[in-house]
Each structure stands twice: as C-alpha cells, then as structure tokens.
Amino acid sequence: MAACQNDLSKFAEFAKFPFDPIQRAKRIECMVMRGSARSYYRTRFAPQFDCPVTVDSVGCCLQCAYCWNALRNETMKLGDFWEPEEIATKAVKIANKEKTWRFRVSGCEAILGRASTDHFCQFIEALQEAGKVEFVLLETNGIMLGYDESLVKSLSKFKDVLGVRVAIKGEDPQQFEKLSGAKASSFKYQLRSLELLYQHEVPSRPAIMSTFMDVLKISELTKIHHEDIDVERLKFYPITKKSLIERGCWDMRKVKA
Ligand code: SF4
C-alpha cells in the first residue's frame, strides 16, 4: 500500500478545477482515516432533521460551490480520531438521552473508499449492538459508490436500517463540473451509484438543489419518479453567495432574484 500523503501541500493539487474526484477521494481518505479510526469534530442532537442524532466528520471528494462545510473541508481541519465503536458510543449516548434512534453522518463524504466504508459499516454494527436502531441515513454524493460496486455490496448488508440519499450535483456533466469542481466525465458515477444501490436493493433516492436543477430533468436522467426525488432549496449565507460568484455559478440559479 502506498504511503499516505496526508499533508496539505499534497492536497493543493485538488484546489485546481476541475479535479479527478476518484484520486481526490483516495487522498482525502488517507487524511481522515488512521487504520480503522476516522476523524470527527463534533457529535450533536439536531432536532430540525429527520435523523437528528448526528456525528460530524470532515473530508469530501467534491468541492461544491455551495458546500455549507466548505471552510472545514477545504482546509481539512481535522478533529479527533475515533474507532467505529467509539463514535457509536457517543451517538448512542445522545440517542438514549433524546429517546430517538435515528442517526446520520454529516459535514463530509462518508464513503471515500474501502477504509471509510468499512468504518461506516462497523459504526452501524456498533449502533445495532448497542440498541434498537430505527434508521441510519447516509447522505452521499455517490461518486465512490458509482465507481466501486464492492462498496455498495458492503452497504447492502444493512439495508434493513439504512437509507441512502444521493445528492445530485447537476442536470448534465457541464453543470456538475461547475457546481462540484470535479471533472465533467465523473458525473456518470453519481448516476451509476443510484443504479447500483437499486440493483443491490439498498433503499435510496436522489436529492437535488432546486436552486440550480429542475426536478423533472433529474427524473428523466435518473429514470426515477419526480415524487421520489428530495428537493431542497439552498440557504444563501453570505459565504455561499461569495463562493458561487467566485466559482462562476451565481448566474446558474433558476430564479435570478
Ligand atoms: S458533496 Fe456535500 S460535503 Fe461534499 S463538497 Fe458537496 S456539499 Fe460539501
């Protein structure tokens, strides 16, 4: 196995757009994983979400122009490293206190390759051993799931409690490249992840930002009924607007208010 290049200077090559998200995922996975432990910077109860017991990690293979966690992900500000059982213990403590057994990982891309996927699967196993897990939500960009079917197979062992939400980043490869920073040619992995999740019977659905994408176009692209697509509107924090302007995405909004 190649030595892990986990210094920021090695990461700088991915600051140039467009980058290869598969290579970036490998590099980021090296930075956020230490053996079977992953870096997390926060655990919290977030009652505004359907799966409120939240553990926040860092690191993503995309660099979306509207990423709410861009400051941390672009500087790779790591937290402490926790084994799957350790982070599950922290999550279970919140679940017991708040009396809800619905979990999610946020702030990052949870699936960056084999090591991070095994970590995520062991996290679910540890949750199951600790109590009555109702649901675990995986919010992902689907890039690595579409690239490596074996990762989807690993997730399929948890299909009774797992739901996967694939955040689609464009109506076409060109819009994907502008919004995500990754090469247009890798858009296919997002779409492929939905096909593979379906084939392996893992409950899943696409999600889109209606600020940039039309739900009927995404429905046509994914062959998924528009009512089965999660539609969100972007929250425009000052930093989001600045980033969208700098990346040349501001005028890609459907409604130019
Ligand atoms: S996929 Fe999600 S975590 Fe990754 S850069 Fe985009 S918005 Fe941020």
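The values are calculated or read from the model by the stated rules, or taken from the named source; none is laboratory data. Note that the structure is predicted; figures quoted are calculated from it, not measured. Please note: Cβ atoms are built from the backbone with ideal geometry, for glycine as well, and neighbour counts cover all protein chains shown. With ligands, DNA and RNA removed, areas are computed over all heavy atoms of the protein, side chains included. Shrake-Rupley method; radii C 1.70, N 1.55, O 1.52, S 1.80 Å.
Summary of values
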quantity	calculated
Breaking point among (1) away from the ligand (no atom under 16 Å from the Cβ); (2) surrounded by 17 or more Cβ atoms within 10 Å (Cβ to Cβ); (3) farther than 19 Å from Leu137 by Cβ, for Thr89	(2)
Residue in the stretch 136-154 that is of a type in the set (Lys, Arg), closer than 19 Å to Pro203 by Cβ and assigned to a helix (DSSP H, G or I) present	yes
Number of the condition not met by Glu29 [criteria: (1) buried (at least 22 other Cβ atoms within 10 Å of the Cβ); (2) of a type outside the set (Ser, Thr, Tyr); (3) modelled with pLDDT under 95]	(3)
Residue check for Leu221: closer than 23 Å to Glu149 by Cβ and assigned to a helix (DSSP H, G or I)	yes
Inter-residue pairs, beta-carbon under 6 Å, first touching a residue at least 60 places away in the same chain (Cβ under 8 Å) and in the stretch 108-127, second hydroxyl-bearing (Ser, Thr, Tyr) and away from the ligand (no atom under 13 Å from the Cβ), 6+ apart	His119/Ser36
Any hit, the stretch 134-144, residues being more than 25 Å from Pro52 (Cβ to Cβ) and in contact with a Gly (Cβ under 7 Å, 6 or more places away or on another chain)	yes
Filter pass, Ser243 being assigned to a helix (DSSP H, G or I), out of contact with any Gly (no Cβ under 9 Å at 6 or more places or on another chain) and surrounded by 15 or more Cβ atoms within 10 Å (Cβ to Cβ)	yes
The lone exception for Phe236 - which of (1) within 15 Å of Cys64 (Cβ to Cβ); (2) among the aromatic types (Phe, Trp, Tyr); (3) not in a loop (DSSP other than H, G, I, E, B) it fails	(3)
Filter pass, Ser180 being modelled with pLDDT of 95 or more and surrounded by 16 or more Cβ atoms within 10 Å (Cβ to Cβ)	yes
Among (1) open to solvent by 10 Å² or more (accessible area, probe 1.4 Å); (2) of a type outside the set (A, V, I, L, M); (3) within 17 Å of Asp50 (Cα to Cα), the one test that Glu129 misses	(3)
Subset of the stretch 96-132 [within 21 Å of the chain's Cα centre (by Cα) and of a type in the set (Ser, Thr, Tyr)]	Ser106, Ser116, Thr117
First in the stretch 181-203 and over 16 Å from Ile224 (Cα atoms) and in a loop (DSSP other than H, G, I, E, B), second anywhere and among the acidic types (Asp, Glu) and modelled with pLDDT of 95 or more, Cβ under 7 Å, 6 or more apart	Lys183/Asp20; Lys183/Glu177
Selected residue [modelled with pLDDT of 95 or more, within 15 Å of the ligand (Cβ to nearest atom) and more than 11 Å from the chain's Cα centre (by Cα)] from Gly142, Gly146	Gly146
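Conditions (1) among the small types (Gly, Ala, Ser); (2) within 13 Å of the ligand (Cβ to nearest atom), marked per residue:
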| position | (1), (2) |
| --- | --- |
| Cys108 | no, yes |
| Asp118 | no, no |
| Ala130 | yes, no |
| Ile168 | no, yes |
| Asp172 | no, no |
| Gln175 | no, no |
| Lys183 | no, no |
| Ser193 | yes, yes |
| His200 | no, no |
